[in-house]
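Have a look at the structure below, then the notes.
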Amino acid sequence: MLLGALVDCGLDRDGLQSALSGLDLKGWRLRAERVQRGPIECTLVEVEVSESQPERRLAEVLGVIERGSLDLQVARRAGDIFRRLAEAEASVHGVAVEDVHFHEVGAVDAIVDIVGTVVGFGMLGIERATCSPLPLGSGWVETDHGRLPIPAPATAKLLEGFPTYGGGAETELVTPTGAALVTGLCDSFGPMPAMTVRRVGYGAGSKDLPHPNCLRMFLGDAAAPGASAAETLVVLETNLDDMNPEFYERVVERLFEAGALDVFITPIIMKKSRPASLLTTLAAPDKQAELLRILFRETTTLGVRAREVSRHCLDRDWVTVETPFGQVRVKIARLEGEIVTVAPEYEDCRRLAREKGVPLKDVYERARAAAIGA
C-alpha cells in the first residue's frame, strides 16, 4: 500500500522498475493499476513473480540486497529494516536471529516492496515522514507458523513504543512488513504536521474491507520547524512626532476593532534628535485599505509605509481550566506535539483576582498548573 501511495504521488514507475533491477533477484516485475476502493480511486502496486522463490534466512535476504547495484544508502536502509524484522521474529518465536526463516516477509514481493519503498522515498526527495497512529485490526491470521492473533506477534513487537489503536476491522490491518517499513522510515508519529501539500496519493490494499482499504499519503513542503505553514501578512507603520500621546489609546482601539492582528508603539528618535513614536500595525492583506483609512483619519501622519511579511506560528489552542478561584481560559502552544508555552488569559486572571481579593500572580500560577496537568 505504501508503494502504491508513492506511485500515486508521482513516483515514476519506469524509473522505479529500473532502480529495482539493481537487485540480485530474478523472476519478477512490478505491475501498477488504478483500482476502486469504495468511493476512492487508488493505485494498486503488485509484484508479479514468474519463477519459484525459496525461503530465505536473513543472511540470504541481505545478500540479495547487497550483491546488487543499488545505491549504498538504499541498500543499507533496506537491510536495516529486514534486520528489525528478523529480530522481531526471533524474539517472538524463541529462535536465533540467524535461524529465522522469512516466510511471508522473505518472499520476493516483500523484498521488492521494502527496497522499492526506500528507493521511492529517495526518488521523491522525502526527507522527513510523519505517520498517524496505526490501526491494528482484530481477529486471527493464518501463517506458516500457524494461527496467530492479530496483530501478529512480530507486528506487535515491531510496534513497541509506537502509537496504535485497536478496531477498524476484524482482519489484519498492519503486517510485519508494513510495521517494519513504517517504523523504519517515519521520523515521528502523531497529527499531520504543518505543510504546504503538493500531492495526495492513495495506495490500495488487496483485501475487501467495510471501509476503503487504502493508505493516504500527503506529499508537501514543511513549514518552519514546529510552526504552521507561513502566512503572508502586511505591516503598516508610521512615525508620529506631533501627535498628543493621549490619543494613542483610541487609535490602537480602532485598529484592533478593524481587524488588526497586532498594534504596538515604539519610542524612537528622529532627525534633529526629536523624540517620536513608531506606530506599527500587523494585519491580513485584505484589511490594509480600512486600516490605512483609520491611520490617516485618527493620527497626524502624512504617510504610511507598507510591506508584506511572512509569519510562522506555533500550533495552538484554548482550554478552560478550573482553579480554586474560578474558570480561566488558557492558551497552549505546541512544538511538534510538545507543549512549549502555557499562557493563562490575563483578563480572566485579573477579574478573578479582583473578585476573590487575591494576588493576580496566584490566580495565574494556579491556572498554568491546572493547564499543564490537564
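Within the stretch 241-262, does at least one residue satisfy the condition of being free of Cβ contacts under 8 Å to residues at least 60 places away in the same chain, over 21 Å from G125 (Cα atoms), open to solvent by 50 Å² or more (accessible area, probe 1.4 Å) and of a type in the set (A, V, I, L, M)? Looking through the stretch 241-262, at least one residue is free of Cβ contacts under 8 Å to residues at least 60 places away in the same chain, over 21 Å from G125 (Cα atoms), open to solvent by 50 Å² or more (accessible area, probe 1.4 Å) and of a type in the set (A, V, I, L, M).
One line per residue, one yes/no per condition, for (1) without any contact (Cβ under 8 Å) to a residue 40 or more places away in the chain; (2) in contact with a strand residue (DSSP E or B) (Cβ under 8 Å, 6 or more places away or on another chain); (3) not in a loop (DSSP other than H, G, I, E, B):
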| residue | (1), (2), (3) |
| --- | --- |
| V309 | no, yes, yes |
| V319 | no, yes, yes |
| V330 | no, yes, yes |
| A353 | yes, no, yes |
| V358 | yes, no, no |
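Among the residues of the stretch 329-357, those identified as over 30 Å from M192 (Cα atoms) and either touching a Gly at 6+ places or on another chain (Cβ under 6 Å) or surrounded by 15 or more Cβ atoms within 10 Å (Cβ to Cβ) (or both) are D348, C349, R351, L352, A353. If we scan the stretch 92-110, do we find a residue that is assigned to a helix (DSSP H, G or I), surrounded by 15 or more Cβ atoms within 10 Å (Cβ to Cβ) and in contact with a Leu (Cβ under 7 Å, 6 or more places away or on another chain)? Yes, some residue in the stretch 92-110 is assigned to a helix (DSSP H, G or I), surrounded by 15 or more Cβ atoms within 10 Å (Cβ to Cβ) and in contact with a Leu (Cβ under 7 Å, 6 or more places away or on another chain).
The residues listed here are A86, A78, A32; of these, the one that is open to solvent by less than 80 Å² (accessible area, probe 1.4 Å), aliphatic (A, V, I, L, M), touching a Ser or Thr at 6+ places or on another chain (Cβ under 8 Å) and without any contact (Cβ under 8 Å) to a residue 60 or more places away in the chain is A32. For the stretch 180-188, the condition of being out of contact with any Ser or Thr (no Cβ under 7 Å at 6 or more places or on another chain), open to solvent by less than 30 Å² (accessible area, probe 1.4 Å), in contact (Cβ under 8 Å) with a residue 40 or more places away in the chain and of a type in the set (S, T, Y) holds for at least one residue. Does T301 satisfy the criteria of being under 30 Å from F247 (Cα atoms), in contact with a helix residue (DSSP H, G or I) (Cβ under 9 Å, 6 or more places away or on another chain) and β-branched (V, I, T)? So T301 fits the description; yes. Taking each residue of the stretch 1-12 that is open to solvent by less than 10 Å² (accessible area, probe 1.4 Å) and looking for partners that are assigned to a helix (DSSP H, G or I) and of a type in the set (S, T, N, Q) with beta-carbon atoms closer than 9 Å, six or more apart or interchain, yields L3/T117; L6/T117. Evaluate the following for R147: is it in contact with a strand residue (DSSP E or B) (Cβ under 8 Å, 6 or more places away or on another chain), loosely packed, with under 15 Cβ neighbours inside 10 Å, of a type outside the set (A, V, I, L, M, F, W, C) and within 21 Å of D71 (Cα to Cα)? So R147 does not fit the description; no.
The values are calculated or read from the model by the stated rules, or taken from the named source; none is laboratory data. Predicted, not measured: the structure shown is a model, and the values here were computed from it. FYI the Cβ positions are ideal-geometry reconstructions off the backbone, even for glycines, and counts take in every protein chain you see. Surface areas here come from the heavy atoms of the whole protein model, side chains and all, with no ligands, DNA or RNA. Shrake-Rupley method; radii C 1.70, N 1.55, O 1.52, S 1.80 Å.
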